1. When you scan the stretch 7-19, how many residues do you find that are in contact with a strand residue (DSSP E or B) (Cβ under 7 Å, 6 or more places away or on another chain) and either modelled with pLDDT under 85 or within 19 Å of residue 70 (Cβ to Cβ) (or both)?
2. Give 58, 26 a once-over and let me know the one that is open to solvent by 50 Å² or more (accessible area, probe 1.4 Å) and not in a loop (DSSP other than H, G, I, E, B).
3. Identify, by number, the condition in (1) at pLDDT 95 or above; (2) more than 14 Å from residue 298 (Cβ to Cβ); (3) of a type outside the set (D, E, K, R) that residue 174 doesn't meet.
4. Among the residues of the stretch 823-847, which ones are modelled with pLDDT of 95 or more and within 16 Å of residue 811 (Cβ to Cβ)?
5. Return yes or no: is residue 122 buried (at least 19 other Cβ atoms within 10 Å of the Cβ) and in a strand (DSSP E or B)?
6. Tell me which helices (runs of 4 or more DSSP H) are completely within the stretch 217-320 and hold 1 or more residues being within 29 Å of residue 74 (Cβ to Cβ) and open to solvent by 20 Å² or more (accessible area, probe 1.4 Å), or say none if there are none.
7. Can you find a residue that is among the hydroxyl-bearing types (Ser, Thr, Tyr), within 16 Å of the ligand (Cβ to nearest atom) and not in a helix (DSSP H, G or I) anywhere in the stretch 695-717?
8. Can you find even one residue in the stretch 778-792 that is assigned to a loop (DSSP other than H, G, I, E, B) and open to solvent by less than 10 Å² (accessible area, probe 1.4 Å)?
Amino acid sequence: MNVDGLLALRGQPPKVGAGDAEAVALTLYGLTARATALDGERDRNFRLDTSDGGPFVLKFIDHEADDGIVAGQSAALTHIAEQNPQLGVPRVIRTRAAAELGVVELGVRGSRHDPQTCRVRLVTYLPGRLIQDRSLALPNLKLLSSVGSQIARLDDALAGFFHPALAQPIAWDVRRAQSLLPVLAQVQSPAVRRLLGNALDPIEQLVVQLRGLRSQAIHGDCHGRNLIVNEEGDACAGIIDLGDMIHAPLALEIAVTMGEFLVDGLASLDALPELLAGYTSVQSLGHADINVLYDLIAARIAIGVLIQTWRERNGGADSSGGAGAGTGADAGAGSLEELSARALDELASEGKRSLTRQLLDAAGIVAAASGAGADGGVRRVGAPPAGVPRAGASSADLLRRRRTALGTNAELSYDRPLHLVRGDGVWVYTADGERLLDVYNNVPHVGHAHPVVVAAIAQQAKCIASNTRYLDERIIEYVERLTATLPPDLDTCLFVNSGSEANDIAWRIAKSHTGNDGALVMTHAYHGITDAVTALSPSICARVPGHVEQLAAPVVASGCASAATDRTPGGASHPPSAVGHTLGAASHTPGAAAFSSTGVGTVAADAAAAEADVTAAMGRLAARGFRPAALMIDSALTSTGIYDPSPSWVAPIVAAVRRAGALVIGDEVQFGLGRSGSDFWGFARRGYHPDIVTLGKPVGNGYPLGVVITRRSVLEKFQRDTGFFSTFGGNPVAGAAGLAVLEVLEQEQLVDNARATGDYFIKKLSELATKYDSIRDIRGCGLMIGVEVSDRALTKRLVNGLRDRGVLIGSEGPKVNVLKLRPPMPFRPEHVDIVISALTAALSVAHP
Ligand code: PMP
């Protein structure tokens, strides 16, 4: 087809005025109305306000529009009303003679011409404003998501619709772009010509690809002048103008919106995935659909310029290129050609590969790491089920529903709660489109939504999620790889689903192994939520029971703020272990780490205090009739307040525990997998050799996984005695997650990164401490850092102050006066700088 065969190029809206509209309203519809002109590319539209009912929109239909096509639009509106009456789409109002269309004769006043006939249609007016309305704020991510889901709902309603008019050869249909190619030569600017040429280069092949995609009736023109936003400006309330409806690949629908929004400045390139995410939350798209989006977006933008150029050359209506010309380009913001060229340039800089990866991600289809499966290296992951909006509900509404659903006492972080919808590396994103730096969460150990881990989980879930009563390679391989990083005697694993469960089992093992039932834990320790483990967690246990004794926190590491700058970053007492941070080579010899503190006397005193303390604690247990079964210790001393004492501190404690015949349980839920930066295992940094190691939180990077590791003889006896089995524990999906985490840790050298970033972090914090007296101490190492401040109230102000500045941290310690800085392991020095400047700002407000 040559260019002249295309529809919608010319677009000459009938020349009628408000007076004509008011007259037609009365004669055909019996409405006494006041008419106001509205925009329209090919139809002439008027808003009708009446005193009873309405408002309405009266459309004088383009003379050139074929009768069949006009009938098709009426049929589509009727079909949508029938399929989804709630959808924000205009409803047809019939004439007094019950016809969907009226025909009127328009006399051209003052002229000698015969009256023209014109078809009219009356539809309901949708309240709200056009998204394109420049007086509105630019759409945030929530609105973009809502736009996507609203369009998807329209497509859902149109799924079964058919009409011959859907074959209309409309110029805006990118599949017709080849007919427009001759216009390219008429584009003046060589640079723009080149951009358009590049965008349309793949068109031939693209059209072939499109023929293989799922197709149906689509709106085909969902741009900012056809989309209505609600009064609050946070949701898409309606879609108008079905004049460009065609039968086409479903993917084209959202591609049109993405292209138009990009040109019109309604969405940045970064925000396009949110439109798609909203769409696919209702209507799923496949890998092949997403794969063509980049080319479709580029082609749509390019044909917009070609149509504009053609109109300028051929006197098509409103060829000015400004607003109202059937293009969204705002006259003040640059010509359509300029805006389109900028958008194409941006697209090209991002590149097809990168944008497609983001779009796949947004659609819940994750590109796997290289060398992935036979399905083109892409696996589908949990796209939300149809009809479930991803970020639809407002925070206030969610909060209200949460209170009812989860109870008013369910813990919620921050004074201004966060509604997180996405994470990526060290960043998290809220439903409102806010991006925050995550300096708190350790579950996403190798980073939020790490693609390798996500793909591994998805791939395995796609195959089988069975349990350890069946043979499976994954979990065995995981044990082999995990135990290779541990001392040789810690060679056998038992699987559960959380750190709490792991500690619960470790405690049962210790009791049955020793025949004792007393316990030693650190002051204000936290080990989990089961009944037995809560008893071992003084931080949450209102009355610590008689079988539990608490040991005092070390004091050696506490320097004062003025001394903080003298500290060797990473903890004065611990030069990084030469081998302990590599997989398979943890340093685990008790007391092996060299010690070169500036305060040897203090360390010696600390060790002596620890010895006296543990002896007294065991004496108190004995006095109550308990012999110790175990010392359970979180090597990071997290809830105790985050400390990094020398191995000299723990040595007398462990020795006393062993003399009493008790086991040592190393709770590595916090410190395992290299968080210290110096060693792969926290106990190696502390300088003791546990009998049982427990793991949780970070090991599955978000997939529930808990592990108990001990000597084979100990575990086999426990299995024999109890017939232990956990339904989910160690299922193949958990195994795949665990393996992927180990792989990423090694490949991305995240333990080394934790050391380097941690050292830098402590250095910068120490500098800050010289300026603020309220910083009392900086403790920890690697990416487990505690900043003790003067009091609990200041801690709270700082935690919330940082949240308001886009940085997430937590609080810790018996007095709740320690800032907890514990980010995902890919945290880099540039992220530290962000924290330091936010903390500086928050501190300066706290100390005006
Ligand atoms: N041990 C320690 C040291 C922990 O910090 C936690 C959780 N914060 C647990 C055990 C319990 O882990 P979970 O919440 O996965 O049961």
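1. 5
2. 26
3. Condition not satisfied by residue 174: (2).
4. 823, 835, 838, 839, 842, 843 - these are the residues of the stretch 823-847 that are modelled with pLDDT of 95 or more and within 16 Å of residue 811 (Cβ to Cβ).
5. yes
6. Where helices (runs of 4 or more DSSP H) fall fully within the stretch 217-320 and carry at least 1 residues being within 29 Å of residue 74 (Cβ to Cβ) and open to solvent by 20 Å² or more (accessible area, probe 1.4 Å), they are 250-263.
7. yes
8. Yes; the residues of the stretch 778-792 include at least one that is assigned to a loop (DSSP other than H, G, I, E, B) and open to solvent by less than 10 Å² (accessible area, probe 1.4 Å).
The values are calculated or read from the model by the stated rules, or taken from the named source; none is laboratory data. Values in this document were obtained by computation on a predicted structure and should not be read as measured data. Neighbour counts run over all protein chains shown; Cβ positions are idealised from the backbone, glycine included. Calculation scope for accessible area: heavy atoms of the full protein, side chains included, ligands and nucleic acids excluded. Shrake-Rupley method; radii C 1.70, N 1.55, O 1.52, S 1.80 Å.
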